[in-house]
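So the structure is just underneath, and the comments pick up after that.
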Amino acid sequence: MPDSPHGEHGRPPTGAERFARFRASPFLPATVLLLLIAAAAGLFAGSYTYAMANPTPHSIPTAVIGPYGDPAARRFVEGMERALDTSLKLREYGDRTDAVRAVDEQEVFAVFEAPVGRAITLDVSSASGASVAQVLGEAALKVGTATGTPVVVHDLKPLQKGDPRGLAIFYISLAAVIIGFVGAIQLSVHARALNPVERIGFTAAYAVLGGFVIAAVVDWLLGALDLPFVESWAILSLTMFASGMVFTMFNTLVGRWAMLPTWGLMVLLGNPSSGGAVSWPLLPSPLGLVGRWLPPGASVNAQHTAVYFRGHQHAFPFLVLAGWAVVSCAVFLIWRHRHPGGRPSGPAHAA
């Protein structure tokens, strides 16, 4: 018998009764989702606009060779700081070899050489950050003209021909992050009966296969990047696995609302602060600090070094990705009884 539109004894329903019916209906979760999706749209646009719309240098580490205390060099440095509205963190090196090594280790973004009586040389590194190199190069030429100082700008580490804007690494890392947690969502929907170890195994399997396909498409099919294939494949696979397990962890902790913290951590915060689209020295300071500790930033960092600074890879981004993966797996396994998936075990199930 259908529910009566009236309350008990035929009287109109009270506000409390109406709310109780609303809570029991499918309209409550639909309304909550409506509001959350609208808020997410605004946050998504806001986070990317805040991070990327107007990149501004805050502090740019720069190697210095030669007597930069010379009046002409001093005027040039002061003019650069005024033009950039920031300070150059000057680090002295004994010779050019040491300065270039610092660029390879990604300790500095440019090399400033001021020999007495000759043109000032500024060696930028597009591979260290295309946006930083562009800002430095343009400012140097303008300041040189304004101060009457001859300036020569070179690019120590140009970008690959198929990646003239330096965005390909950001895109492949973004693909690994998003497909990583979307894959975990699909497992939770279409392979709900997987037990914990099986779920981790299948997450690792699609991460390994997915990382291979991303690298193969970008390198072999499109030729956009000349990848160190095995290393890049490993980074992409670790990224996908960490991203998938982060969603699985949140699915264990908060159930059907797991997409909210996953999207917030990986997409709203992680991708804009990754340093892939806009280099860390140009990001708002909080994002520049946080980004390195999140999976998207760690993935971009490791991939960027693998492609452009071979032989100078650091352990830190791999430790970050592995840390997120291990913590997520541990939370999932410890509280596996709270995860909405799995199947019963024991004699009854065996039968």
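The values are calculated or read from the model by the stated rules, or taken from the named source; none is laboratory data. Computed from a prediction, not measured in an experiment: that's the story for all the values here. Neighbour counts are summed over all protein chains in view; Cβ atoms, including those assigned to glycine, are modelled from backbone coordinates with ideal geometry. Side chains included, ligands, DNA and RNA excluded: accessible areas come from the protein's heavy atoms. Shrake-Rupley method; radii C 1.70, N 1.55, O 1.52, S 1.80 Å.
The residues in the stretch 128-165 that are within 30 Å of the chain's Cα centre (by Cα) and either at positive phi or part of a loop (DSSP other than H, G, I, E, B) (or both) can be counted, and the count is 11. So which pairs qualify, if the first residue must be in the stretch 281-302 and outside any helix (DSSP H, G or I), the second must be open to solvent by less than 10 Å² (accessible area, probe 1.4 Å) and of a type in the set (A, V, I, L, M), the Cβ gap must be under 9 Å, and the two must be at least 6 apart or on different chains? Every condition considered, the pairs that remain are LEU283/ALA51; PRO284/ALA51; LEU294/MET266.
Given the criteria out of contact with any Gly (no Cβ under 9 Å at 6 or more places or on another chain) and part of a helix (DSSP H, G or I), does LEU269 qualify? It is false that LEU269 is out of contact with any Gly (no Cβ under 9 Å at 6 or more places or on another chain) and part of a helix (DSSP H, G or I). Of all residues assigned to the stretch 77-93, none qualifies as being basic (Lys, Arg), within 16 Å of LYS157 (Cβ to Cβ) and out of contact with any helix residue (DSSP H, G or I) (no Cβ under 6 Å at 6 or more places or on another chain).
Of the conditions (1) at pLDDT 90 or above; (2) open to solvent by 40 Å² or more (accessible area, probe 1.4 Å); (3) closer than 29 Å to THR305 by Cβ, GLN186 clears all except one; give me its number. GLN186 satisfies all of (1) at pLDDT 90 or above; (2) open to solvent by 40 Å² or more (accessible area, probe 1.4 Å); (3) closer than 29 Å to THR305 by Cβ except (3). When restricted to residues that are part of a helix (DSSP H, G or I) and loosely packed, with under 10 Cβ neighbours inside 10 Å, the stretch 11-22 contains 2.
Here VAL152 clears all of (1) over 27 Å from VAL278 (Cβ atoms); (2) open to solvent by 20 Å² or more (accessible area, probe 1.4 Å) except the condition numbered (1). Remark: pairs (first residue in the stretch 131-145, under 13 Å from MET80 (Cβ atoms); second residue part of a helix (DSSP H, G or I) and open to solvent by 30 Å² or more (accessible area, probe 1.4 Å); Cβ separation under 8 Å; 6+ apart in sequence or on different chains) = ALA139/ALA83; LYS142/ALA83; VAL143/ALA83.
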